[in-house]
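The values are calculated or read from the model by the stated rules, or taken from the named source; none is laboratory data. The structure presented is a predicted model; accordingly, all values stated were derived computationally and were not measured. Cβ coordinates were reconstructed from backbone atoms using ideal geometry, including for glycine residues, and neighbour counts include every protein chain displayed. The protein model used for the area step is the full one, side chains on, heavy atoms only, and it has no ligands, DNA or RNA in it. Shrake-Rupley method; radii C 1.70, N 1.55, O 1.52, S 1.80 Å.
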Amino acid sequence: MTRESFDRELQDVKRKLFQVTGEVRKNLTASVKYLDNRDMQGASMIIESDEMVNLKCLEIEERCLNIIATQQPVATDLRLLFSILQITTEVERIGDYAKGIARISQKIGPGKLVKPLVDIPRMEEIAGLMLDDAIRAFTEDDEQAARKIPARDMQIDVLYNQVHRVLLTFTMEKPTNIEEIMMLDWVAHNIERVGARVVNICERVIFTVTGVSVDLN
Amino acid sequence: MTAEIRMRAVDYSLFYGDFKALNSISLDIPTYRISAFIGPSGCGKSTFLRSFNRMNDLIPGVTTSGKVLLDGNDVSKEDVVNLRRKVGMVFQRPNPFPKSIFDNVAYGPRLHGTKNRSDLAVIVERSLKGAALWDEVKDDLGKSGMSLSGGQQQRLCIARAIAVEPEVILMDEPASALDPVATLKIEELMNVLKKNYTIAIVTHNMQQAARVSDYTAFLLTDENRAGNLIEFGPTKQIFTTPSDSRTEDYISGRFG
Amino acid sequence: MNRRALNQNAAFAMFWIAGAVAVLIMAFVVGYIMLKGLPGITADFFTSSPRGGLSGEGGIYSTIVTTFYMVVVTLAFAVPFGVGAAIYLTEYSGTSESRMVLKLVSVARFGVETLAGVPSIIFGLFGYALFVSALNFGFSILSASMAGACLIIPVIIRTTEEALKAVPTGYREASLALGANRWETIWKVILPSAFRGISTGILLSAGRIVSETAIFFVTLGGSYRVPHSLMSGGRTMALHVYYLAMETRAFDKAMSTAAVLVGLIVLMNLSINMITNRISAKEYK
């Protein structure tokens, strides 16, 4: 094997992406938990943490561009770099969704929620596990795993519809709390989007390994 | 591959005495396309290229099996002078004759019977224009070809090759002795030339193959040091999703 | 460091002295000849022929003419053979697949090498035996130039071979790739490119003829008359110097002739330089 420094750099960038994804994953879970616990301080920590996530994503992009400009990668290397860039964007957006949930949490403010959260944490749990599995499939070039993950997005969609219907009935029962209800609906929507982003990551994993672009949505 | 096929190697092997240098290569050179042969040193890509205009005939002890076809005709049965008129060649080092620019370009047409000075002048101008050199030399065609810069010399050699109106131009690492700017000029020129000529190029420079060619062939020596064709396909496929892991290793710089 | 600098300076000093001595020896020889010879050179010296006899009366007109004929006729014999053989050896023999041809070529090469080192009097003896006696050409320009050709053919073959080998392979490939055959390539590309080297070799050989004595001593006779045909004998300038010095009392005349000879050789070398310079200037204009 020649090109050792090139390989090292590639692996290093890949590891960085894995780490950032871990932080995003943590923020996502925490955002729902803090919403449920009415933890205002936790919410602002998430918002701060997302700043760091964004900076790290920018750093990954920059390093990818450097590698492309100086090493002329081809074939698998090129596909890998392209995928890292794309997945970084997806991860960065997932981070934004978590931050969005934290913002909503702040907007609703302290005090008891209009209704206890039931399906939203379940949605988050599924989406979080999907993200874990997707990024593991990526680091392990596991195409088979990547193909299986998107099916689980269906469960999120089902739960989302359920949340949506429940909240809709709530608007009729408690018209004074419409704003809060709509914000909770937005939280569910954010998590639904996370599922879609994870599916995109799975597509990139398949592309990296096979060179074929697929649409799994 | 839907393009028309200009040249074709069928189960072609080449031997130096008992030593097999090329092992049963079959490949199609599509018309009006640039086909690049890449591979590590000693893989036989230059030898293979030289099979298309029978330059290997000059080497004592060379024997071949299989066929090389030009427009469906076996080149070994063709008159070699006629073959080389149809299949021109540009070499690694610019090699203009120590003659004037005019005489360099007129060399081929004169061999093939054009003697009239004004006819030759027309051919010389057309060829130099074709090689994107006319504007730089039109005022001094009597100047020695050796006095030009390396890049200009190589374009002069291209003009000399196209002066006999070949169907195919073989290029054996045409830019390896040139600086990057001259190299890009040659590559640009190749892109223009492929409208009228079928081009096959050997190159050590994979990025060059990726930049200029439409099809890429990867050759590699086997355990007996005979050159084998590993993979041949559209360049963009070879450089994004090669199907053979040896191709992948080579183009991504992990060879050896 | 001082020690090393000292060593270097000592070495340079020795080289300088060696070079200076070489130049001095040459300057002394030429100077001595010029000093002794130049005073005797008049217009009459060039236009009158030797009149024979022990006193060495007369000029060198006939020897100049003979020298000229000898050069021309010898080259006429030697150049086609020499250049032709060199072309065969470099351009054709290598591609032959017959083992016998290859063997023959290596023998020929060895022969050429050996001939180049044979003392010229051997060629003279051979020329005497074959051309003068056996073929009955007598002491004549014909016999002498044939014997002379034997002397210079190896020189021409070797210089021509070198000149041909110096032609870049790229020229051959380019010409062949344009559809030229081997002969067209040799005639239109290789010979013109090698012209400078070949002509240098030919001029050097001409110099050998001008300065040769041993061969002509036994093949050309020694007649001091102006030759009128290939079958006439004669004496070249170099031969004349020998006759004057050894068989007459006219040592001053020998010196004058030698001075002219030296002048001629210098002139020929200058013209070699001029030709090569002009051609290379034209090539790279």
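Using the basic label-point model (7 angstrom from Cα toward the beta carbon), what is the A:THR139 to A:ASN37 distance in nanometres?
Result for the modelled spin labels: 2.6 nm.
Let me check I have the definition right: for chain C, take the eigenvalues of the Cα gyration tensor, multiply each by 5, take square roots. What are those semi-axes in whole Å, largest first? Please report the intermediate quantities before stating the final value.
Details: eigenvalues 279, 180, 69 Å².
One finds semi-axes of 37, 30, 19 Å for chain C.
Ignoring ligands, DNA and RNA, what percent of the 1.4 Å accessible area of segment B:108-165 is carbon and sulfur? Provide the component values of the computation, followed by the final result.
On the way: 1090 of 2440 Å².
Solvent-exposed carbon and sulfur of segment B:108-165 make up 45 percent of the total.
Two decimals, Cα atoms only, Kirkwood Rh: what is Rg/Rh over segment A:91-217? Write down the numbers at each step before the final one.
Details: Rg = 16.6 Å, Rh = 15.6 Å.
Answer for segment A:91-217: 1.06.
In Å², rounded to the nearest 100, what is the total accessible surface buried by chains B and C against each other with a 1.4 Å probe? Mind showing how you got there, number by number?
Working: alone 11820 and 16350 Å², together 26070 Å².
Buried: approximately 2100 Å² between C and B.
Provide the FRET efficiency to the nearest 0.05 for the A:THR171-A:MET45 pair, computing r from the beta carbons and using R0 = 41 Å. Don't skip to the answer; put the middle values down first.
Values: r = 31 Å, r/R0 = 0.76.
Calculated value: 0.85.
Leaving out ligands, DNA and RNA, and with a 1.4 Å probe, what % of the accessible surface on chain C is carbon or sulfur?
70
Given the -39500 (n - 2.57) contribution per DSSP H run of 4+ residues, what per-residue ellipticity at 222 nm results for chain B, rounded to the nearest 500 deg cm²/dmol?
-10000 deg cm²/dmol
For a quick protection proxy, order the peptides A:10-20, C:196-206 by their average other-Cβ count within 10 Å, most packed first.
Details: A:10-20: 16.7, C:196-206: 20.7.
Sorting A:10-20, C:196-206 by mean packing, highest first, produces C:196-206, A:10-20.
Would you work out what percent of the accessible area of segment A:4-210, with all protein chains in place, is carbon or sulfur (probe 1.4 Å)?
Working: 5280 of 9710 Å².
Carbon and sulfur: 54 percent of the exposed surface of segment A:4-210.
In a shell of Cβ-Cβ distance under 10 Å around C:GLU57, excluding C:GLU57 itself, what net charge do Lys and Arg (+1) and Asp and Glu (-1) give? Write down the numbers at each step before the final one.
Numbers: positive: C:ARG51, C:LYS253; negative: none.
So the surrounding residues net to +2.
Past 25 Å, Cα to Cα: identify those pairs from B:LYS20/B:LYS194; C:LYS165/C:LYS188; B:LYS45/C:LYS103; B:LYS86/B:LYS195, in the order given.
Pairs exceeding 25 Å: B:LYS20/B:LYS194; B:LYS45/C:LYS103.
Give, as a single signed number, the net charge of other residues whose beta carbon lies under 14 Å from the beta carbon of A:GLY195, with Lys and Arg counted +1 and Asp and Glu -1.
On the way: positive: A:ARG25, A:ARG93, A:ARG122, A:ARG152, A:ARG193, A:ARG197; negative: A:GLU90, A:ASP119, A:GLU124, A:GLU125, A:ASP132, A:ASP133, A:ASP153, A:ASP157, A:GLU192, A:GLU203.
Neighbour charge sum, excluding A:GLY195 itself: -4.
Would you work out which of B:PRO242, B:PRO40, B:GLN153 lies farthest towards the positive end of the dipole of chain B? Charges go on Cβ: Lys and Arg +1, Asp and Glu -1.
Most positive-ward Cα: B:GLN153.
Using the Cβ atoms and a cut-off under 13 Å, what net charge is assigned to the surroundings of B:SER13, where Lys and Arg are +1 and Asp and Glu are -1?
-1
R0 = 22 Å: FRET efficiency of B:SER147 with C:TRP187, Cβ-based, nearest 0.05? Kindly include the intermediate steps, with their values, before the conclusion.
Numbers: r = 24 Å, r/R0 = 1.09.
With R0 = 22 Å, the Cβ-Cβ based efficiency is 0.35.
Hey, can you list the DSSP H helices of chain C whose Cα span along the axis is 20 Å or longer and whose average Kyte-Doolittle score is at least 0.5? Walk me through the numbers before you get to the answer.
Working: long enough: C:2-37 (51 Å, 1.11); C:61-87 (38 Å, 1.74); C:99-116 (26 Å, 1.01); C:141-165 (34 Å, 1.17); C:191-211 (29 Å, 0.94); C:251-283 (48 Å, 0.83).
The qualifying helices are C:2-37, C:61-87, C:99-116, C:141-165, C:191-211, C:251-283.
Take peptide B:58-64, look around each residue's Cβ out to 10 angstrom, count Cβ atoms belonging to other protein chains, and average those counts. Provide the component values of the computation, followed by the final result.
Numbers: counts 6, 1, 5, 1, 0, 0, 0.
Mean shielding count: 2.
Between chains B and A, what is the buried accessible area in Å², counting both sides, with a 1.4 Å probe and ligands, DNA and RNA left out, to the nearest 100?
Working: alone 11820 and 10980 Å², together 21790 Å².
Answer for the B-A pair: about 1000 Å² buried.
Solvent-accessible area per residue for segment A:118-194 at a 1.4 Å probe radius, Å²? The partial results should precede the final answer.
Values: 4050 Å² over 77 residues.
Normalised by residue count, the accessible surface of segment A:118-194 is 53 Å².
Where both partners of a DSSP beta bridge lie in the protein assembly as shown, what percent of those bridges are antiparallel, to the nearest 5? Don't skip to the end; give the middle numbers.
Working: 28 of 46 bridges.
Taking every DSSP beta bridge with both residues in the protein assembly as shown, the antiparallel ones total about 60 percent.
B:THR63: accessible area at probe 1.4 Å, nearest 10 Å²?
70
Calculate how large, on average over all directions, the projected area of the Cα convex hull of segment C:1-106 is; give the answer in nm² to one decimal. Let's see the in-between values first.
Numbers: hull surface 63.7 nm².
Its Cα hull, projected and averaged over all orientations, spans 15.9 nm².
Rg/Rh for segment B:139-256 to two decimals, with Rh computed the Kirkwood way over all alpha-carbon pairs. Provide the component values of the computation, followed by the final result.
Numbers: Rg = 16.6 Å, Rh = 16.0 Å.
Rg divided by Rh gives 1.04.
With each run of n ≥ 4 DSSP H residues scored as -39500 (n - 2.57), what mean residue ellipticity at 222 nm is computed for chain C after dividing by its residue count and rounding to the nearest 500 deg cm²/dmol? Show your work: numbers first, answer last.
Details: 12 runs with 203 residues, N = 285.
Here the helix-only value at 222 nm equals -24000 deg cm²/dmol.
Go through B:SER51, C:SER49, B:SER76 and list them by solvent-accessible area, largest first, probe radius 1.4 Å. Intermediate results must be reported in sequence, preceding the final value.
On the way: B:SER51 5, C:SER49 35, B:SER76 75 Å².
Largest to smallest exposure gives the sequence B:SER76, C:SER49, B:SER51.
If all Cα-Cα distances of the protein assembly as shown are sorted into 10 Å bins from 0 onward, what percent lands in each bin, rounded to whole numbers?
3, 10, 14, 13, 12, 12, 11, 8, 6, 4, 3, 3, 2, 1, 0, 0
What percentages, rounded to whole numbers, describe P(r) for chain A computed over all alpha carbon pairs with 5 Å bin width beginning at zero?
Spelled out per bin, shortest first, that is 1, 7, 15, 17, 17, 14, 10, 7, 5, 3, 2, 1, 0, 0.
Convex hull volume of the Cα atoms in segment A:1-99, per residue, in Å³?
Given the Cα convex hull of segment A:1-99, per-residue volume reads 78 Å³.
Restricting the calculation to Cα positions, tell me the Rg (one decimal) and the Dmax (whole number) of chain B in Å.
Over chain B's Cα set, Rg and Dmax evaluate to 18.2, 56 Å.
So how tilted is helix A:178-210 from the main axis of chain A? Cα-based, degrees 0 to 90, rounded to 10.
20
Threshold 20 Å², probe 1.4 Å: give the residues of segment C:83-124, in number order, that are less accessible with all protein chains present than with their chain alone.
C:THR95, C:GLU97
Write down the accessible area per residue of chain B in Å², having rolled a 1.4 Å probe over the full set of protein chains. Could the numbers behind the result be given before it?
On the way: 10280 Å² over 256 residues.
Per-residue value: 40 Å².
Give, in whole angstrom and from largest to smallest, the semi-axes √(5λ) of the equivalent ellipsoid of segment C:109-157, with λ running over the eigenvalues of the Cα gyration tensor. Provide the component values of the computation, followed by the final result.
Values: eigenvalues 88, 20, 13 Å².
Working through the eigenvalues yields semi-axes of 21, 10, 8 Å.
Give me the 1.4 Å probe accessible area per residue for segment C:1-93, excluding ligands and nucleic acids, in Å².
Values: 5940 Å² over 93 residues.
With the other protein chains kept in place, segment C:1-93 gives 64 Å² per residue.
If r is the Cβ-Cβ distance from B:GLU223 to C:GLU113 and R0 is 56 Å, what FRET efficiency results, to the nearest 0.05? Could the numbers behind the result be given before it?
Details: r = 44 Å, r/R0 = 0.78.
Once rounded, the FRET efficiency stands at 0.80.
Pop out the ³J(HN,Hα) list for segment B:131-148 in order, Karplus 6.51 cos²θ - 1.76 cosθ + 1.60 with θ = phi - 60°, rounded to Hz; leave Gly and Pro as x.
In residue order, the calculated couplings are 9, 6, 10, 3, 4, 7, 10, 4, 7, 8, 6, x, 5, 5, x, 6, 7, 6 Hz.
Rounded to the nearest 500, what is chain A's calculated 222 nm mean residue ellipticity when only DSSP H runs of at least 4 contribute -39500 (n - 2.57) each, over all residues? Intermediate results must be reported in sequence, preceding the final value.
Details: 7 runs with 181 residues, N = 217.
That comes out to -29500 deg cm²/dmol.
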